[in-house]
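Student: Sharing a structure here in structure tokens format.
Any read-out appearing in this document is the output of simple, stated calculations on the displayed coordinates, not a laboratory observation. Being a predicted model, the structure only gives us computed values, none of them experimental. Because the Cβ atoms are built from the backbone with ideal geometry, glycine has one as well, and the counts that use them run over all protein chains shown.
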Ligand SMILES: Cc1cc2nc3c(=O)[nH]c(=O)nc-3n(C[C@H](O)[C@H](O)[C@H](O)COP(=O)(O)OP(=O)(O)OC[C@H]3O[C@@H](n4cnc5c(N)ncnc54)[C@H](O)[C@@H]3O)c2cc1C
Ligand SMILES: Cc1cc2nc3c(=O)[nH]c(=O)nc-3n(C[C@H](O)[C@H](O)[C@H](O)COP(=O)(O)OP(=O)(O)OC[C@H]3O[C@@H](n4cnc5c(N)ncnc54)[C@H](O)[C@@H]3O)c2cc1C
Ligand SMILES: Cc1cc2nc3c(=O)[nH]c(=O)nc-3n(C[C@H](O)[C@H](O)[C@H](O)COP(=O)(O)O)c2cc1C
Ligand SMILES: Cc1cc2nc3c(=O)[nH]c(=O)nc-3n(C[C@H](O)[C@H](O)[C@H](O)COP(=O)(O)O)c2cc1C
Ligand code: FES
Ligand code: FES
């Protein structure tokens, strides 16, 4: 019997559940198209802000042995240039039927709205809000993602100006991710992306006697993040009724199946590209299909969320 | 020139900075003494509560590839039996000059006090409060460690009934560990232990379609935790003036040096015993000494905290 | 990535073992050495340690003593178990002629040892003890190798009347150089004393209730050793030291009843 | 645990290269292939990519163009650098006779290639270009191998007056089958067109500003390729395709000045 690995994400049809995560390869139209060609079910562009941002000086990304640690500093060419990039990417992706997800971040609610308005002009299939960046209006500059109330405010504000499909990307670095997920759902998100990087963490070079990243600390992704991400997706999907793109440390078909069994509707792939390049998609998909055959599943909905028992 | 690896922990002299972490091997007097004999600078007993606790059924601990995940469920024989265990361990350890750290947890503040009073009768060199357990008096049953105010209350309450050296063990699962550290310092802790396990995380067996741990979720320790733990220790030691026992993923001398450079006064060793048994201590110490020679350090204070720059 | 998570093994064949248990032969191999054990997980039921009886195909022999072993021995062919391991230190395979003394389900690890010894062409003498005739397990396994185990039953229903250790003491032939034992702790204590008295090299496989199985939690300690990691196999001298350590601190332990492990 | 963190290399010897840079020979080896690069971290200064000139001992040749390269070329013997890598795809070592065409600090990776070719006893013809005589680097390295590079300077102060590619075009001898090029992008464009026109197999090493260096961040893209991961070596045909892709989307890019990379 033929395997059906397609999934439906808020009415968007994905040929398979594997989605390129934001910030990996997604800073130019050509690489986004390339990842689509390589088999991704959907692709996410790198997060962009209203104004261009330089990002942090090197070193910015390291393989510390159990995944990556990064403090890229959200470098991006700004919303107007990003709009052009998305438009170009959309042309190539549309041909292949691969949905395009745009990602937006900002340091104030108003700036979130403005940026989304510009990015929406490129008509991506979905806009994802990366709220794991400092809220400059907060007295401690805490990221929006760490506070259910602020996370909901951003969501509601963007909801006002954007009628398309809206995802909010959650941070694992909170004592109770369910609170944030519920708040964001109530504020009008159509789906959730979970999770962003963990930590932050720090790697000290003992010969230099100092942190390696120029930013000192960075977000943890890859294998080390996996069990945390799986737990987050499990908890969230138990508590909300909107779909979740689950991500964090998915490097194999088995990892992807864990995410789906935890309740994810689609699965983000980021750090895996460090290990396997864009071949990650066909590799992970092949392994997932093999597991499905082995376990006698013919479609993904047969086992989605089954770990909830 | 001779290397001096001894450290001073609130007036307690440790022949080397490596401390057995709570919960690994520390559930009986004989294994505690054995770890002392194997070269530990100090040893911590498993956390105990007022009443005996059974813990969770198997599976309770797993090697998931990048460290351990555990949900032992804080099984312990209760404070009265633990007192006997500590007394027996103290005899063997005193001979070797290895300090003994007791660990206490409870689900209410009063029960923390009662348990500490009993354990104090065994006269351990130091009592550590494991506050990463649910506070049953909190409306959400959140662990004390996740709330600076509750963490401070426990500390102050125990401080009242215990005049010996008191450490409080912090959780990495908070958006701002510095707040908790400061609150606990102010409430009277003599030192801090950082950090307890990360997460929780979840590992799903895709063939079974369910979480492997009987408790579904468990705390992450070992390599995956390391960069998070190093960052926590770095942030805490920047903010408080009491010493810190840094732990989380220390498997090599280089890892131990990272902790010390981040500002730790001593270094906890837990999951490393899974990989190397009690030989972990001499192995890590040997590697640390080799690095010290290589970098021209003759004592630990020469590089402690140097990563703060 | 090398990890310690479970692998799935479908049951290929189940062999009933008298009235007390079953031998499970799985579809798949798991490289192991005699004396090592695996942790068997039945999702929703629990996870328990079992000695490896053979590694190719993976074979376990299970005595029904409680809920988990009841579920395990009721598995149908094609159903699966989840296994991690092998764990623990194996029996040392020393040069010389050996006697294997098993009580109850202790026969499992010694069956594997007998197989390895036969492969090395040093046929061991095997003594099996059980309460009563219907409780013997794996006798067919030894017979298949051409070994004829000496049997002993408490009630005399089969073979010698008495324990396996009494049968050993009563051997007409001289003791061999190497003694390997596995079974209920009371039997192992008797065996250890005998072996030391006879000056024989002797190794015993101990059991303790296991949680992690990987030498982390400390639950399985016996004296200052962790049975899952430092054992389960110890020399008789070491076992005697560990029991003394235990008894010193828990006077009641010496006469602990472990009859439930001796079907 | 295999990771991608930095290793420390003490500087063993520094060789001044005219007025424009220095060659750094480190105490230690780092297995690499010609065309690959490493990320060099100077704590507190920054981290930048450099081609490997030799891997045993590890050798880099650095043109002083800004703050990092100034700090790097000012290192004293015994001082240390932090290195991760090597990264990227190397030059393919194909059978046949080769011409190596280098401009500016592009000489670094081609020096390593020349060494490997000489080891295979297929001596390449080497053409080096620079602005002026004082800007040549590593000529001693080629001469030590018995190679006599043809030199070209923009100002005619040494060798042929003109660019390295013009020198190549003016060769009296017929072109060889294999062309390898590294240098400023303007030069590489000219070289690629020439090579394609002559029907020669040609590989070029491109440069882009790198952040991660490990194919993650996407910063170093050229068309749909990531220079750090898919390159830095591309065939001339592929490079031409990538430049066309780039130019289509950024019309201003075609005439971008990269003189700072061409001392
Ligand atoms: C190293 C080792 C090897 C073993 N090999 C075999 C074997 O080859 N064949 C066999 O039949 N049995 C073997 N056992 C014993 C087997 O693990 C127990 O019989 C089984 O755990 C009982 O589980 P239950 O739920 O059926 O019974 P329960 O009713 O839960 O317990 C019955 C008895 O089994 C023992 N037990 C329970 N839980 C555990 C545990 N987690 N770890 C260890 N013992 C436990 C206790 O003595 C308990 O009193 C071995 C035990 C160990 C430690
Ligand atoms: C694959 C590769 C191999 C290289 N090999 C060599 C070599 O062997 N020898 C050599 O001298 N130079 C080499 N370079 C160039 C070298 O990396 C730059 O000269 C150096 O980064 C300049 O740093 P700076 O601080 O001194 O100058 P800056 O003032 O910071 O920059 C001067 C110029 O250097 C380039 N540059 C700056 N930062 C980077 C960066 N992160 N990545 C790439 N280029 C950058 C830009 O063109 C910039 O305009 C190589 C570059 C790449 C991409
Ligand atoms: C180098 C790098 C850059 C990233 N940049 C972004 C970003 O711009 N926006 C964002 O929402 N997430 C960003 N992330 C997070 C990823 O999208 C993803 O949530 C995370 O890496 C976990 O997935 P993984 O383990 O598969 O990498 C970045 C991650 C990495 C490693
Ligand atoms: C199996 C296991 C049991 C643990 N039990 C306790 C405990 O009882 N009390 C406690 O404070 N910490 C406990 N911990 C946490 C450790 O003390 C330590 O903080 C953590 O494992 C991080 O260190 P590591 O990475 O070196 O293991 C336990 C950890 C493990 C792996
Ligand atoms: S069962 Fe945990 S240490 Fe042996
Ligand atoms: S520098 Fe990051 S992808 Fe090339």
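Student: One-quarter of the Cα convex hull surface for segment A:1-138, in nm²? Intermediate results must be reported in sequence, preceding the final value.
Tutor: On the way: hull surface 41.3 nm².
Mean projected area of the Cα convex hull: 10.3 nm².
Student: Then there's this: Roughly what percent of Cα-Cα pairs across segment C:85-174 reach past 24 Å?
Tutor: Details: 730 of 4005 pairs.
In whole percent, the share of Cα-Cα pairs in segment C:85-174 beyond 24 Å is 18.
Student: With no solvent and one point per C-alpha, what does the Debye sum give as log10 I(q)/I(0) for chain A at q = 0.12 Å⁻¹?
Tutor: These q points yield log10 I(q)/I(0) values of -0.73.
Student: Ok, one more. Using helices alone, I'd like the mean residue ellipticity at 222 nm for chain C: each DSSP H run of four-plus residues gives -39500 (n - 2.57), total over residue count, nearest 500.
Tutor: Working: 6 runs with 60 residues, N = 263.
After summing the helix terms and dividing by the residues of chain C, the value is -6500 deg cm²/dmol.
Student: Okay, moving on. Just checking the output field for B:259-266: average partner chain Cβ neighbours within 10 Å of each residue's Cβ? Numbers along the way, then the final one.
Tutor: Values: counts 1, 2, 7, 3, 0, 0, 0, 0.
That average works out to 2.
Student: With an 8 Å cut-off on Cα pairs and a minimum separation of 6 or more residues, tell me the relative contact order of segment B:165-309 in percent.
Tutor: On the way: 271 pairs, mean separation 29.4, N = 145.
Here the relative contact order equals 20 percent.
Student: In vacuo Debye scattering of the protein assembly as shown, one point per C-alpha: log10 I(q)/I(0) at q = 0.05, 0.07, 0.10 Å⁻¹?
Tutor: Reported log10 I(q)/I(0), two decimals: -0.40, -0.76, -1.29.
Student: Compare B:55, B:11, B:73 in a GNM of chain B, Cα atoms joined below 10 Å, and give the one with the largest fluctuation.
Tutor: With Cα springs under 10 Å in chain B, the top fluctuation among B:55, B:11, B:73 is at B:11.
Student: From the label point of residue D:247, set 7 Å along Cα to the beta carbon, how far off in nm is each other copy's matching point, shortest first?
Tutor: Output for residue D:247: 9.2 nm, nearest copy listed first.
Student: For Cα pairs less than 8 Å apart in space and 6+ apart in sequence, what is the mean separation divided by the residue count of chain A, i.e. the relative contact order in percent? Please list the in-between numbers first.
Tutor: On the way: 729 pairs, mean separation 56.4, N = 309.
Relative contact order comes out at 18 percent.
Student: Looking only at C:119, C:237, C:16, which one moves most when chain C is put into a Gaussian network model with springs between Cα atoms under 10 Å?
Tutor: Among C:119, C:237, C:16, the largest GNM mean-square fluctuation belongs to C:119.
Student: Put the label 7 Å from Cα along Cα→Cβ for residue C:10; what are its distances to the other copies, in nanometres, shortest first?
Tutor: 6.2
Student: For B:167-175, what's the mean count of beta carbons from other chains sitting within 10 Å of each residue's beta carbon? Could you put the intermediate results ahead of the total?
Tutor: On the way: counts 0, 0, 0, 0, 1, 4, 6, 4, 10.
Per residue, the number of nearby Cβ atoms from other chains is 3 on average.
Student: Separate question: Viscosity 0.890 mPa s, temperature 25 °C: what is the translational diffusion coefficient of chain D from Stokes-Einstein with a Kirkwood Rh over Cα pairs, rounded to a whole number of µm²/s?
Tutor: Values: Rh = 18.4 Å.
Estimated via Stokes-Einstein, D reaches 133 µm²/s.
Student: Measure out, as a whole number of angstrom, how far apart the alpha-carbon centroids of segment B:193-256 and segment A:5-55 sit.
Tutor: Segment B:193-256 and segment A:5-55 have Cα centres spaced 31 Å from each other.
Student: While we're here: Quick one: Cα centre-to-centre distance for segment D:37-53 and segment D:111-185, in angstrom?
Tutor: The two parts, judged by their Cα centres, are 25 Å apart.
Student: Using Cα pairs closer than 8 Å and at least 6 residues apart in sequence, work out the relative contact order for chain D, in percent. It would help to have the intermediate numbers written out before the result.
Tutor: Working: 597 pairs, mean separation 46.1, N = 263.
For chain D, the relative contact order is 18 percent.
Student: Using a label point 7 Å beyond Cα on the Cα-Cβ vector, give me the inter-copy distances for residue B:6 in nanometres, one decimal, shortest first.
Tutor: Those separations, rounded to one decimal, come out as 7.4 nm.
Student: Can I ask one more? Residues in segment C:224-239, backbone N under 12 Å from the label point at residue C:196 (7 Å along the Cα-to-beta-carbon vector): list them, ranges by number please.
Tutor: Once the point is set 7 Å along Cα→Cβ of residue C:196, C:235-239 turn out to lie under 12 Å by backbone N, inside segment C:224-239.
Student: Can you give the helix-only mean residue ellipticity at 222 nm for chain A, where every DSSP H stretch with n ≥ 4 adds -39500 (n - 2.57) and the sum goes over all residues, rounded to the nearest 500 deg cm²/dmol?
Tutor: Computed mean residue ellipticity for chain A: -10500 deg cm²/dmol.
Student: How many percent of Cα pairs in segment D:31-136 exceed 25 Å? Kindly include the intermediate steps, with their values, before the conclusion.
Tutor: Numbers: 1333 of 5565 pairs.
That fraction is 24 percent.
Student: Further, regarding this structure: Which value does Rg/Rh take for segment A:55-133 over its C-alpha atoms, Rh per Kirkwood? Don't jump to the answer; show the numbers that get you there.
Tutor: On the way: Rg = 14.7 Å, Rh = 14.1 Å.
Value, to two decimals: 1.04.
Student: With springs only between Cα atoms under 10 Å apart, run a GNM on chain C and tell me which of C:118, C:228, C:202 wobbles the most.
Tutor: Judging by the Gaussian network model, the answer is C:118.
Student: More than 25 angstrom separation, counting every C-alpha pair in segment D:102-240; what % is that?
Tutor: Working: 2600 of 9591 pairs.
Above the 25 Å cut-off, segment D:102-240 has 27 percent of its Cα pairs.
Student: What is the average number of partner chain Cβ atoms found within 10 Å of a Cβ in A:65-76? Don't skip to the answer; put the middle values down first.
Tutor: Numbers: counts 10, 13, 5, 4, 3, 4, 0, 6, 1, 0, 4, 0.
Mean shielding count: 4.
Student: Peptides B:120-131, C:90-101: what's the order by average Cβ count within 10 Å, highest mean first? Could you put the intermediate results ahead of the total?
Tutor: Numbers: B:120-131: 22.2, C:90-101: 19.2.
Order by mean packing, descending: B:120-131, C:90-101.
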